[in-house]
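First up is the structure itself, then whatever we jot down about it.
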Amino acid sequence: MWQTILRRILIMIPQIILVSILIFMLAQLMPGDPFYGNLNPNSDPATIERLRHAAGLDLPWYQQYFKWIGNVLHGDLGTSYVVNKGWTVTRIIGQRIWPTLSMGIIATILTYFLAITQALVSARNENKWIDRTFIVWNTMTSAVPSFVFYFIMMVLFVYIIPVFPSSGTGIDDTQSFFVNFFSNLRYAFLPALTIALFSTNSIYQYLRSNLLDQQAQDYVRTARAKGVQIKDVFRKHILRNAFLPIASQIGYSITGVLGGAMFAETVFGYPGIGALFVQALSGRDYTVITAVMLLQGILALLGGLLSDIISAWVDPRIRVK
Amino acid sequence: MNEKILDSKNVSVSFRINGELQTALHKISVSIKRGEVLALVGESGSGKSTLAMSIMGLHNAEQTEVTGSITLDGHELIGLTERQFDQYRGVRVGMIFQDPLSSLNPLMKIGEQISEAIVVHDKNAPNLKGHVQRLLTDVGIINPKRVAQQYPHELSGGMRQRVMIAIALSNEPDLIIADEPTTALDATIQAQILDLIKEIQLKKNAGILLITHDLGVVAETADTVAVMYAGQIVEQADVEELFANPKHPYTRSLLRADPSNVSPGEELYAISGTVPALKDMDHSKDLFLQRIPWLSDDVVNATIDEELEVVGDNHFVRGNAWKTFEFLDVTEKGHAK
Ligand SMILES: Nc1ncnc2c1ncn2[C@@H]1O[C@H](COP(=O)(O)OP(=O)(O)OP(=O)(O)O)[C@@H](O)[C@H]1O
Ligand SMILES: [Mg+2]
């Protein structure tokens, strides 16, 4: 088991290098750079040249890459040119990552909580009204275009029933961790709930059909033939088999946290990594863009690793001796 | 001991398909004594598993209608609630299924799967581990301690079927139903499993309902044979009598189609056509006659007696066609007697 994990981690090293090169190239391919447009349009081309030279932007790409990756390895992600001009990217990300993390965790918990409870009720009451209600509701939440959905949630819970604040994170450096933790919950909840409602559907449908599938399996018939009551067969046999593929999905779900956060954070004025990325993109803030993408790449690899570990842990057929 | 452990009378089963009840079993009557092996044979779709599931009470209650009478050691089973049935399943009747891999829970250790069968009927069963190991030893597993700790995928097909048999035996049932227990296994393993079933028959004095479409298995294992076609029994007799003196054209065709009866170089005989769909079954006729091309329509469509005719000591046949025609086989034209 530990050997397998170690091997998986070693494989991640070349993967990370590859990802970093890809990200760097992508950033290079983007039109424009921080010095165009942000400066006075009348400014002297020579000044722009000088600034670009100072930032190393006139070097060939591979030299820029090695310079960048060398710095990254030393924990230096550069300074932001646009979003928080003059701040180090490490500092910006350090500040923005906590709100995103807390929102991501709440969103993931809510997503799985909603999906699992609905799927369980549905599967136990297949084709009854409650099952149909859940199917319709989930189809609706995922069929409505996201901007409409976000708009409805915003209007409903911020303006009509103002239970949630309209912007901010509730985190303040001067407060203690615990104060921050609880004040952040109120701010994080609405965007998290919105993300959760939006992403419940696929897990719900998957789990529901899994549960129904498993109920028809031969081993269920065997358990019934032993004289085990239906509800105990469900609890002892069906649940575990049906949850198995979901359990490994949870690992991958951290991969999607930043993606989901981009939209939600921007709409709800919740300044985390997602909103930062949107700002950085429109401002061509290379250093920030590459840093966030690198973070996303690492998250994706970690998500894969986590999924593999969970699968091996819960499924004896995968477990390696 | 000649008591009937299982006695079913006029058991009919209908499934609700697209809102309509369709008959899959029509008035089946069979009985099994202690220590007796009754083989149920017939093509795919003839209703063998449907009968087994009726005895186990495992049909979906909302989608299935079961009528008639099934008694186990004198207790009526039809009409029991799920909870009442749970007092019989696994205790008085044990069941072995065709595919031992899919029939075991892939995520549960073998030991747990066996002990569940014991604990569900006796929460305070003493020395559970010892009991499980004894059962595993009984079904011929040499290292029961280790196997109890393994998962189904770690065992061979034959071992898995032994585990299934251990589960079926765990509460010393009066009746064991084995639904094609060897179909998914290769030939040598098949023989071992059959030996095991015979050994159980001798030792445990239980009745055994053995479902199979392998006549070789029947000849080797069974005491009596019931031949099923399209949800009905068409012929029933002691095993020697049936092989020596088959009457019904379906029985004769099955014997002819049995690969073990074919000498090398001879072409394997196959019965033409298939079992009719449930909705096309008119059980007042001898349904197999539809598959005999040279019979005239009025013979095929003739209404026949509901009861099987007694043609010898413990030998019963359905319909009249066998009386009037000599069935050399089914495709070659036979002739009137
Ligand atoms: N739950 C069900 N709902 C509807 N029809 C069913 C159901 N179970 C069985 N049938 C039908 O009843 C008929 C008898 O099926 P059954 O499984 O008993 O046959 P069998 O003799 O066991 O065949 P095999 O040798 O393939 O196992 C078939 O036509 C089958 O399609
Ligand atoms: Mg069957």
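The values are calculated or read from the model by the stated rules, or taken from the named source; none is laboratory data. Keep in mind the model is a prediction, meaning the values are calculated, not measured. Using ideal geometry, Cβ is built from the backbone for each residue, glycine included, and neighbour counts are taken over all protein chains shown. Ligands, DNA and RNA are excluded from the accessible area calculation, which covers all protein heavy atoms including side chains. Shrake-Rupley method; radii C 1.70, N 1.55, O 1.52, S 1.80 Å.
The H on the amide N of residue B:96, modeled in the peptide plane, is under 5 Å from the matching H of B:177, B:178, B:179, each at least 5 residues off or on a different chain.
Among the DSSP helices (H) of chain A, those spanning at least 20 angstrom by Cα along their long axis with an average Kyte-Doolittle hydropathy of 0.5 or more are A:2-29, A:89-124, A:239-267, A:286-314; this is a geometric and hydropathy rule only. Dividing the helix sum by the residues of the protein assembly as shown, where each DSSP H run of 4 or more adds -39500 (n - 2.57), gives a mean residue ellipticity at 222 nm of -16500 deg cm²/dmol. For chain A, the relative contact order works out to 26 percent when only alpha carbon pairs closer than 8 Å and six or more residues apart are counted.
Note on the protein assembly as shown: antiparallel DSSP beta bridges, both residues inside, total approximately 65 percent of the bridges counted.
With the highest mean first, a sort of the peptides B:310-320, B:169-179 on other beta-carbon atoms found within 10 angstrom per residue produces B:169-179, B:310-320. As a rough guide to protection, the peptides B:119-129, B:81-91 ranked by mean Cβ packing within 10 Å, highest first, stand as B:81-91, B:119-129. Annotation for the B:A interface, with buried accessible surface near 2200 Å², both sides summed [1.4 Å probe; non-protein components not counted]. Listed by chain and number, the lysines whose alpha-carbon sits under 27 Å from that of residue B:33, ignoring those within fewer than 8 places in the same chain, are A:226, B:4, B:9, B:48, B:198, B:203, B:204, B:247.
Measuring r between the beta carbons of residue B:297 and residue B:65 and using R0 = 56 Å, the FRET efficiency lands at 0.95. Normalised Debye scattering of segment A:89-318 at q = 0.09, 0.16 Å⁻¹ gives log10 I(q)/I(0) of -0.46, -1.15, counting only Cα atoms as equal scatterers and leaving out solvent. Residue B:159 exposes around 50 Å² of accessible area when a 1.4 Å probe is run over every protein chain in place. Structural descriptor for segment B:1-212: relative contact order 27 percent, calculated from alpha carbon pairs under 8 angstrom and at least 6 residues apart.
Over the C-alpha trace of the protein assembly as shown, radius of gyration and Dmax come out as 35.4, 117 angstrom.
In this simple spin-label model, placing a label point 7 Å from the Cα along the Cα-to-Cβ direction at both residue A:148 and residue A:136 gives a separation of 1.7 nm.
Amide H contacts of residue B:24: B:13, B:14, B:15, each under 5 Å away and 5 or more positions distant or on a separate chain (H built 1.01 Å from N in the peptide plane; Pro and chain starts excluded). About the Cα centre of segment A:89-318, what is the dipole size in debye to 20, counting +1 per Lys and Arg Cβ and -1 per Asp and Glu Cβ, all else neutral? Charge dipole, segment A:89-318, about its Cα centre: 760 debye, nearest 20. For segment B:148-292, the alpha carbon positions stretch 54, 39, 32 Å along the principal axes, listed from largest to smallest. Protein heavy-atom surface of the protein assembly as shown, 1.4 angstrom probe: 60% of the accessible area is carbon and sulfur, with nucleic acids and ligands not counted. One chain, two ends: residue B:245 and residue B:220. Fully extended at 0.36 nm per residue, the span grows by 7.3 nm beyond their Cα-Cα distance. For segment B:236-244, putting each phi into the Karplus relation 6.51 cos²θ - 1.76 cosθ + 1.60 with θ = phi - 60° gives couplings of 8, 6, 5, 4, 5, 4, 5, 6, 7 Hz, in residue order, rounded to whole numbers and with x for Gly and Pro. Partner shielding of A:2-15 amounts to 0, given as the average count of beta-carbon atoms from other chains within 10 Å of each residue beta-carbon. Counting only protein heavy atoms and a 1.4 Å probe, the protein assembly as shown has 48 square angstrom of accessible area per residue. Note on A:227-237: average number of Cβ atoms from other chains within 10 Å of each residue's Cβ is 4. The mean count of C-beta atoms from other chains within 10 Å of the C-beta of residues in B:160-168, rounded to a whole number, is 1.
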